[in-house]
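The values are calculated or read from the model by the stated rules, or taken from the named source; none is laboratory data. Not measured: the values here are computed from a predicted model. Backbone-built Cβ (ideal geometry, glycine too); neighbour counts: all protein chains shown. Ligands, DNA and RNA are excluded from the accessible area calculation, which covers all protein heavy atoms including side chains. Shrake-Rupley method; radii C 1.70, N 1.55, O 1.52, S 1.80 Å.
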Amino acid sequence: MRQLLPAFLLLTSVITCSAQSNSPTSIIPAPVNVVPGDGMITLTTSSSITVAQPELKDEAEFLRDGLKSINGLRPMLLSASGDAKNTIGLSITKSDNPHTEGYTLAIGKERIDIIGDDEAGVFHGIESLLQMLQFGKQGSASLACMTITDYPRFTWRGMHLDVARHFFPVDFVKRYIDLIARYKMNVFHWHLTDDQGWRIEIKKYPKLTSIGAWRSGSEYGPYSDRTFDSTRYGGFYTQEQIRDVVNYAALRHVTIVPEIEMPGHCLAAIAAYPELSCTGGPFEVAKGWGVFDDVYCTKDSVFDFIENVLTEVMGLFPGSYIHVGGDECPHVRWKTCARCQAVMKKEGLKDEGELQSYFVQRIEKFVNSKGRKIIGWDEILEGGLAPNAAVMSWRGTKGGVAAAKQKHDVVMTPGSHCYFDHYQGDPAVEPLAIGGFTTVQKTYSYEPVPAELDSAETQYILGAQGNLWTEYITTPEHAEYMALPRMIALAEVLWSPKSARNETDFIRRLELDFANLDAMDIHYSKSLYNVGYKLAGSKKRGQVNVGISAGGTQGGIRYTIDGSEPTEASPQFVSTVEQRANATISAALFRGSKKMGNTTSIALNFDKATGRSITVDPQPSEKYGAGGAFTLVDGVSAGPRRVNNEWLGWTSPQITITVDLGAEQTLTHLGIGALEERYSWIHPPKQVLIATSADGRTFNEVATVKNSPDAAGRIEFAADAPITARY
């Protein structure tokens with residue numbers, strides 16, 4: 001352990017600042033318990049920092065650097081603890097009921113004490129103190145007296161970053177870790193290899209970076225366009241750089257979990273060493289996104305390669321877990337590979353699903369032999385879960401539930417709430433994203449413990465994680481925009497008691513924190529301020545009721561119905577906008593004369609079905625049913641940038657949709673639109689049977705139609721002929 005720096009002469013001048021009290025409830029994540037005290041303390045340039053244990057030197061230096069950057073203080077670092085006035089004391093003291101990473105922050109009139117149950121607890125207490133100081137004016141160092149008792153709800157509070165699709169420099173990776181630590185998250189999942197690039201230097205296999213780290217072009221624009229440039233792209237981290245990042249994270253009590261993908265998502269590796277494949281290649285590092293058929297073969301030499309790679313990886317990353325991927329592995333090559341089929345016969349495996357399980361279990365035995373554990377995406381459940389593996393549940397919650405019931409540790413990371421590559425606002429005013437629609441409020445509403453688990457099974461839920469996949473994220477600024485503030489919302493979900501969660505109060509504290517993020521030059525999203533629309537039917541058939549909201553933010557919504565830009569003089573939204581004719585509603589959130597977010601618009605185009613009564617049987621699947629059946633008659637045509645509340649989806653082999661037009665009508669065009677995104681497993685109907693009725697009981701078939709998708713992947717199944725019908 002390094003020795004503490006000697007004490008220096010203490011400065012005696014006082015910073016002139018306003019004695020502004022900072023509310024303790026401004027801390028994010030919200031603390032477990034806050035007891036207000038009497039009075040104030042003002043830190044000055046004569047303030048000092050003391051440490052009770054030498055192992056807290058790094059934490060003390062972190063605090064001193066933080067005070068310099070926030071308030072311009074120059075506190076001295078003393079080598080001994082004591083009762084000196086105007087001092088911030090750091091210490092570790094086991095409480096009667098210690099919590100891992102817990103702390104007490106006691107702010108008195110004469111001194112501040114941060115008492116941790118461990119070193120990480122002290123660090124989290126420091127982050128709370130620095131955050132409280134940031135909420136004041138720049139240079140303000142006055143705090144209200146109080147005692148905060150705090151500890152995390154979950155042990156795994158993670159954020160993921162994909163550097164394979166797009167590469168991010170070391171400086172940004174460190175900045176990302178700083179943000180993770182700021183909000184008391186403690187795991188950085190570093191996705192280092194994939195089809196589109198190998199990003200970690202492996203000494204034994206230099207071609208992994210000389211070849212595998214570079215691709216001859218990249219896909220751009222909407223996936224359905226399949227457009228590519230021809231610019232060589234890539235990069236990788238040297239082992240020296242990785243050690244530096246690991247040490248940087250450790251000083252902030254963040255554990256890095258490296259991910260080395262297998263047995264699929266490995267085109268970059270087999271492009272470098274084609275003998276690792278079933279066919280022998282040749283291959284090139286993937287330019288586009290998606291899932292590819294060429295994967296690792298299951299012959300012994302492949303396991304030798306992977307074990308050698310993982311040996312070097314484990315030498316760089318000291319954490320308990322190694323992430324082995326395990327997701328989206330097609331079995332196409334294995335089915336026709338004589339060596340893979342021979343392995344199946346030798347091991348008594350009934351199908352390729354069990355062969356994948358064999359692959360993962362064989363790797364797990366090796367990793368376990370080195371004193372480590374594996375974690376993988378929930379596909380590793382298929383064919384039989386490796387004996388000691390942990391599971392990341394990304395395809396909803398089913399994988400997590402299944403793993404917990406088998407007494408395996410689980411990290412919850414469902415795409416519905418924890419995928420931060422999804423849109424977070426109206427796609428019309430957002431950067432191009434992979435799809436989905438996950439607002440900061442939706443992330444904040446997430447509950448990591450599935451209701452299906454009993455009290456004994458919930459102990460296997462380690463926590464949750466936000467994922468940032470970067471197919472459409474090309475710069476550090478864009479990565480920050482997509483991660484924040486959703487990462488902040490998830491941080492509070494994972495740290496604060498469930499009973500204390502309050503969206504309105506969280507939004508209030510988040511808005512205060514925006515000023516701090518501005519000062520830190522963080523490029524966070526302000527989509528929170530963008531309005532959203534909720535369309536509903538009415539008792540007045542043929543009418544659409546439009547609701548407009550802006551989450552939990554304060555202010556007034558101003559709108560127009562002719563598509564013009566709203567101003568502070570435009571009508572203020574109160575309850576519902578009732579529409580019975582074509583309109584383009586444009587709305588924005590205002591505080592006084594200041595527009596807080598972007599203007600968002602929605603176009604209503606009325607036809608004879610708009611606003612009418614509709615039934616569907618069966619109901620759409622939960623994942624693709626956000627707008628309900630009325631989505632199909634709400635007058636809005638879904639745009640090329642898909643969000644789930646514009647479309648309905650089913651997994652059923654057949655569905656029936658019935659629209660009541662209210663009276664017999666003469667129709668010249670009758671149709672329904674569909675979407676094709678095969679890379680997202682979204683398929684159009686094979687065919688649509690169109691039938692009409694005058695009484696809702698006897699239907700006459702009008703047409704059975706099939707059509708091809710347009711450039712945006714949309715399909716219209718339509719019949720064009722004069723028809724008289726009510727249904």
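One residue stands out in the range 469-487 among those that are of a type in the set (A, V, I, L, M) and under 14 Å from residue 164 (Cα atoms): the one that is surrounded by the most Cβ atoms within 10 Å (Cβ to Cβ), namely 473. Residues in the range 139-162 that are in a strand (DSSP E or B) and under 28 Å from the mean Cα position of the chain (by Cα) were compared, and the one that is nearest to residue 45 (Cα to Cα) is 150.
Contact map, the range 473-484: first residue touching a residue at least 24 places away in the same chain (Cβ under 8 Å), second residue in a helix (DSSP H, G or I) and of a type in the set (Phe, Trp, Tyr), Cβ cut-off under 7 Å, separation 6 or more or different chains; pairs are 476/172. Residue 651 meets all of the listed conditions (1) in a loop (DSSP other than H, G, I, E, B); (2) more than 30 Å from residue 292 (Cα to Cα); (3) polar (S, T, N, Q) but one, namely (2). The residues of the range 80-100 that are closer than 18 Å to residue 54 by Cα and touching a helix residue (DSSP H, G or I) at 6+ places or on another chain (Cβ under 9 Å), listed by number, are 88, 90, 91, 92. For the range 469-485, the tally of residues that are of a type in the set (Phe, Trp, Tyr) and either touching a Gly at 6+ places or on another chain (Cβ under 6 Å) or under 12 Å from residue 423 (Cα atoms) (or both) stands at 2. Which of the residues spanning the range 146-171 are open to solvent by 10 Å² or more (accessible area, probe 1.4 Å) and within 30 Å of residue 71 (Cα to Cα)? Hits for the range 146-171 are 147, 149, 151, 152, 169, 170, 171. Against the test of being under 31 Å from the mean Cα position of the chain (by Cα) and either open to solvent by 30 Å² or more (accessible area, probe 1.4 Å) or closer than 23 Å to residue 439 by Cβ (or both), the options 576, 599 yield a single qualifying residue, 599. Scanning the range 25-61 for residues that are open to solvent by less than 50 Å² (accessible area, probe 1.4 Å) and assigned to a helix (DSSP H, G or I) gives 26, 56, 57, 58, 59, 60, 61.
Just checking, does the range 556-570 include any residue being in a strand (DSSP E or B), modelled with pLDDT of 95 or more, closer than 30 Å to residue 660 by Cα and open to solvent by less than 70 Å² (accessible area, probe 1.4 Å)? No, the range 556-570 contains no residue that is in a strand (DSSP E or B), modelled with pLDDT of 95 or more, closer than 30 Å to residue 660 by Cα and open to solvent by less than 70 Å² (accessible area, probe 1.4 Å). For the condition assigned to a strand (DSSP E or B), touching a Pro at 6+ places or on another chain (Cβ under 7 Å) and modelled with pLDDT of 95 or more, what is the one hit in 322, 260? It is 322.
Set side by side, the residues 298, 255 differ, and just one is open to solvent by less than 50 Å² (accessible area, probe 1.4 Å) and among the hydroxyl-bearing types (Ser, Thr, Tyr), which is 298.
Considering the range 474-546, the qualifying helices (runs of 4 or more DSSP H), each wholly inside and each with 2 or more residues that are over 18 Å from the mean Cα position of the chain (by Cα), run over 503-519. Looking at this structure, is residue 466 open to solvent by less than 10 Å² (accessible area, probe 1.4 Å) and either outside any loop (DSSP other than H, G, I, E, B) or farther than 25 Å from residue 511 by Cβ (or both)? In short, yes. Screening residue 698 with (1) surrounded by 12 or more Cβ atoms within 10 Å (Cβ to Cβ); (2) more than 19 Å from residue 620 (Cα to Cα); (3) modelled with pLDDT of 90 or more gives one miss only, at (1).
Only a single item in (1) open to solvent by less than 10 Å² (accessible area, probe 1.4 Å); (2) farther than 26 Å from residue 302 by Cβ; (3) of a type in the set (A, V, I, L, M, F, W, C); (4) more than 25 Å from the chain's Cα centre (by Cα) is not met by residue 249, and it is number (4). Within the range 290-302, residues that are under 24 Å from residue 218 (Cβ atoms) and part of a loop (DSSP other than H, G, I, E, B) have Cβ atoms under 9 Å from residues that are among the polar types (S, T, N, Q) and open to solvent by 30 Å² or more (accessible area, probe 1.4 Å) in these pairs: 294/279, counting only partners at least 6 apart in sequence or on another chain.
In the range 616-666, the residue that is surrounded by the most Cβ atoms within 10 Å (Cβ to Cβ) out of those that are more than 24 Å from residue 428 (Cβ to Cβ) and in contact with a Lys or Arg (Cβ under 8 Å, 6 or more places away or on another chain) is 659. Annotation note: Cβ proximity below 6 Å between a residue of the range 372-384 that is in a loop (DSSP other than H, G, I, E, B) and a residue that is polar (S, T, N, Q) (sequence gap 6+ or interchain) occurs for 383/356; 383/357; 384/357. Looking across the range 402-426, the residues that are within 16 Å of residue 530 (Cβ to Cβ) and open to solvent by 10 Å² or more (accessible area, probe 1.4 Å) come down to 422, 424, 426.
If the condition is being within 14 Å of residue 256 (Cα to Cα) and in contact with a Gly (Cβ under 7 Å, 6 or more places away or on another chain), then the range 189-204 contributes only 189. Filter the range 314-336 for residues that are within 22 Å of residue 350 (Cβ to Cβ) and open to solvent by 60 Å² or more (accessible area, probe 1.4 Å) and give the result. Across the range 314-336, the qualifying residues are 332, 333, 335, 336. Among the residues of the range 171-198, just one is closer than 16 Å to residue 470 by Cα, among the aliphatic types (A, V, I, L, M) and in a helix (DSSP H, G or I), namely 173. One residue stands out in the range 581-596 among those that are within 16 Å of residue 536 (Cα to Cα) and of a type in the set (A, V, I, L, M, F, W, C): the one that is surrounded by the most Cβ atoms within 10 Å (Cβ to Cβ), namely 585.
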